[in-house]
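This report refers to the structure that appears directly beneath it.
A short reminder: the numbers here are calculations on the coordinates, not readings from a lab. As the structure is a prediction and not an experimental result, all values here were calculated from the model. Heads up, the Cβs are rebuilt from the backbone with ideal geometry, glycines too, and the neighbour counts pull from every protein chain shown.
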Amino acid sequence: MAPFVLGEITIDWPLAFHSFWPILQGGLIYTIPLAIISFIFGLALAMLMALLRLSKVNVAQGAARVYISIIRGTPLLVQLAIIFYGLPDLGIEVSPFVGAVVALSMNVGGYAAETIRASILSVPQGQWEAGYTLGMNDAQVMCRIILPQAARVSVPPLSNTFISLVKDTSLASTITVTELFRRAQEITATSYDFLLLYSEAALVYWIFCFILSMIQGHIENRLDRYVARH
Amino acid sequence: MLLQAKDIHKSFGESRILKGVDLSLDEGKVLVMIGPSGSGKTTLLRSLNLLELPEQGTLEINGIHADFGKRLSKKEVREIRIQSAMVFQAHNLFPHKTVLENVIEGPVIVQKVLKNQAIDEARKILDDVGLFDYQNQYPFQLSGGQQQRVGIARAVALKPKLLLFDEPTSALDPELVADVLKVMRDLAANGWTMVIVTHELKFAQEVADEVVFIDQGVILEKGNPDQLFQHPKHERTRRFLSRILQRV
């Protein structure tokens with residue numbers, strides 16, 4: 001009796017081999033830079049939003065709330081489309097890469113703002129008081145006493161944000177940034193080997209994220225040097 | 001008169017914590033404040049460096065004057081705050097800084113003392129409180145008593161006119177209290193002006209020039225330690241003292 005065959009899996013090894021470099025290259029020259037640049041701008045924006053949320057000025061608090069609500073309440077794909085395809089109607093045209101940086105930064109700014117706010121609030125009130133009694137002003141206490149302690153608390157959640165961001169950069173393919181995923185797409189256009197090429201893309205994302213997780217562990221260890229290990 | 005507080009009022013919401021308190025202290029003297037929990041003694045101490053902002057009254061430290069009837073600017077608050085330094089019940093050391101870094105933080109960052117000079121002075125102070133060998137440790141590596149002595153060193157390093165202590169030994173294991181009290185005795189002997197909230201009556205008897213008994217937001221009674229501890233005038237003072245002494 002003939003064996004029951006679900007499907008024949010044959011791997012086109014030469015294609016796998018030749019497509020790997022272009023896909024990885026898309027990751028190295030677009031995905032990673034896009035993620036890093038967006039994360040830096042995004043964190044700066046998130047910091048600003050967190051400080052506005054913590055300020056005693058109602059208008060500032062409200063503005064930050066609205067911003068965070070809009071970013072969290074709309075899909076990143078739609079935000080990208082508005083910036084790249086919509087803004088030209090207002091005469092604002094940007095390159096695909098810059099458009100992606102703007103959208104991803106704004107996105108990180110909305111999500112990480114709450115993380116940063118929560119980690120600032122997690123530092124005990126006594127630390128503020130101790131700083132004040134040394135004669136420090138608000139900015140000095142914040143920068144020298146509170147933020148270094150908040151940083152330790154915020155590394156795990158911010159690492160999550162960054163790893164999500166690395167994967168979200170694949171959405172930039174929709175606005176023609178030739179990043180990792182778009183490279184794979186382009187090759188499928190001629191080879192039609194979807195399973196192989198998209199699996200390869202997945203593998204490269206996973207390798208990137210695996211390396212990032214290791215870096216995260218390293219940073220956490222460094223920042224934990226001043227707390228008791230349980 | 002180094003310290004003069006007049007008619008201090010402070011409320012938290014509906015509850016009136018301080019109901020018109022006067023306090024004064026000469027340079028080089030030690031004032032101990034005792035009283036039941038909730039009496040307002042800690043709030044009064046915290047009002048002296050404006051961690052609490054009273055609603056009414058005046059405060060003068062080292063010639064710097066503050067009138068709480070008016071809104072104080074941040075500069076005015078800071079101006080009066082830097083006349084004193086606070087030792088907290090829970091020490092509030094900076095956990096991300098070493099012992100030495102904790103002690104030089106104020107001098108270097110706020111007072112703009114040169115770092116090398118600040119380090120030399122900090123090491124000397126740490127030697128005085130018996131922690132020279134611990135200067136590169138982080139606070140979590142120290143015992144509670146050692147942490148509190150770092151807290152004292154951090155306050156002393158600011159060279160303030162006035163040292164404030166908020167129940168500095170209340171959170172400590174009994175066997176660690178003695179080391180902290182010894183450091184405080186040394187400071188008193190070296191002429192520091194100190195205001196101390198404590199339940200350590202024996203210590204108060206030794207070092208205090210004046211003791212005030214605070215109850216329900218007012219100073220019910222004050223005097224030198226002998227008067228106040230041996231011959232309290234008020235029934236409530238007597239009851240408080242006997243309760244504290246029974247505990248031992």
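Positive end of the dipole of the protein assembly as shown (Cβ unit charges, origin at the Cα centre): among A:Ala103, A:Gln140, B:Ser73, the Cα lying farthest that way belongs to B:Ser73.
To the nearest 0.05, how large is the calculated FRET efficiency for A:Asp138 and B:Lys19 if R₀ is 35 Å and r is the Cβ-Cβ distance? Walk me through the numbers before you get to the answer.
On the way: r = 31 Å, r/R0 = 0.89.
Between A:Asp138 and B:Lys19 the formula returns 0.65.
Quick one: net charge around A:Ile70, please, counting Lys, Arg +1 and Asp, Glu -1 for every other residue with C-beta under 15 Å from its C-beta.
Taking every other residue near A:Ile70 into account, the sum is +2.
Cα-based values for the protein assembly as shown, radius of gyration first and Dmax second, are 31.0, 110 Å. From the alpha carbon centroid of the range B:207-231 to that of the range A:148-177 is 60 Å.
Each of A:Glu179, A:Glu129, B:Glu206 has some number of other Cβ atoms within 10 Å of its Cβ, and from fewest to most they run B:Glu206, A:Glu129, A:Glu179.
A Cβ-based charge dipole, computed about the Cα centre of the protein assembly as shown with Lys and Arg at +1 and Asp and Glu at -1, lands at about 980 debye. Computed over the range A:78-157, the quotient of the alpha carbon radius of gyration and 2.2 N^0.38 Å is 1.62. Based only on the alpha carbon positions, what is the Kirkwood hydrodynamic radius of the range A:1-82, in angstrom? Hydrodynamic radius (Kirkwood, Cα pairs) of the range A:1-82 is 17.4 Å. Over chain B, the fraction of Cα-Cα pairs per 10 Å bin, rounded to whole percents and listed from the shortest bin up, is 7, 31, 35, 21, 5, 0.
From the helices alone, meaning DSSP H stretches of at least four residues, give me the mean residue ellipticity at 222 nm for the protein assembly as shown, per-run term -39500 (n - 2.57), in deg cm²/dmol to the nearest 500. It would help to have the intermediate numbers written out before the result.
On the way: 18 runs with 250 residues, N = 478.
Calculated mean residue ellipticity at 222 nm is -17000 deg cm²/dmol.
DSSP beta bridges confined to the protein assembly as shown are antiparallel in about 60 percent of cases. Placing +1 on each Lys and Arg Cβ and -1 on each Asp and Glu Cβ, with no other charges, gives the range A:96-230 a dipole about its Cα centre of roughly 340 debye.
If you take every residue apart from B:Lys70 with its C-beta less than 15 Å away from the C-beta of B:Lys70, what net charge results, scoring Lys and Arg +1 and Asp and Glu -1? Let's see the in-between values first.
Numbers: positive: B:Lys6, B:Arg71, B:Lys74, B:Lys75; negative: B:Asp7, B:Glu55, B:Glu60, B:Asp67, B:Glu76, B:Glu79.
Spelling it out: positives minus negatives among the neighbours equals -2.
In a reduced charge model with +1 at each Lys and Arg Cβ and -1 at each Asp and Glu Cβ, chain B shows a dipole moment near 520 debye about its Cα centre. Here the ratio of the Cα radius of gyration of the range B:1-142 to 2.2 N^0.38 Å is 1.22. Backbone amide hydrogens, once placed in the peptide plane, bring B:Val30 within less than 5 Å of B:Met194, B:Asp209, B:Glu210, excluding anything fewer than 5 places away on its chain. Taking other C-beta atoms within 10 Å as the exposure proxy, B:Phe94, B:Phe12 rank B:Phe12, B:Phe94 from fewest upward. Against the longest alpha carbon principal axis of chain A, how many degrees, from 0 to 90 and to the nearest 10, is the axis of helix A:147-168 turned? It works out to around 20 degrees. Just so you know, the Cα atoms of the range A:19-229 work out to an Rg and Dmax of 20.0, 69 Å. For A:Thr176 and A:Ile9, the difference between the fully extended length at 0.36 nm per residue and the C-alpha to C-alpha distance is 57.0 nm.
What does the charge count near B:Gly223 come to, summing +1 for each Lys or Arg and -1 for each Asp or Glu among other residues with Cβ under 11 Å from its Cβ?
On the way: positive: B:Lys222, B:Lys233; negative: B:Asp209, B:Glu210, B:Glu221, B:Asp226.
Neighbourhood net charge equals -2.
Label-to-label distance, B:Ala178 versus A:Val66, with points set 7 angstrom from Cα along the beta-carbon direction: 6.6 nm. Cα centroids of the range A:24-49 and the range B:89-115: 35 Å apart.
Where in chain A lies the longest segment free of trypsin sites (Lys or Arg not before Pro) that are both loop residues by DSSP (not H, G, I, E, B) and have at most 14 other Cβ atoms within 10 Å? Intermediate results must be reported in sequence, preceding the final value.
Details: sites that count: A:Lys56, A:Arg229.
The answer is A:57-228.
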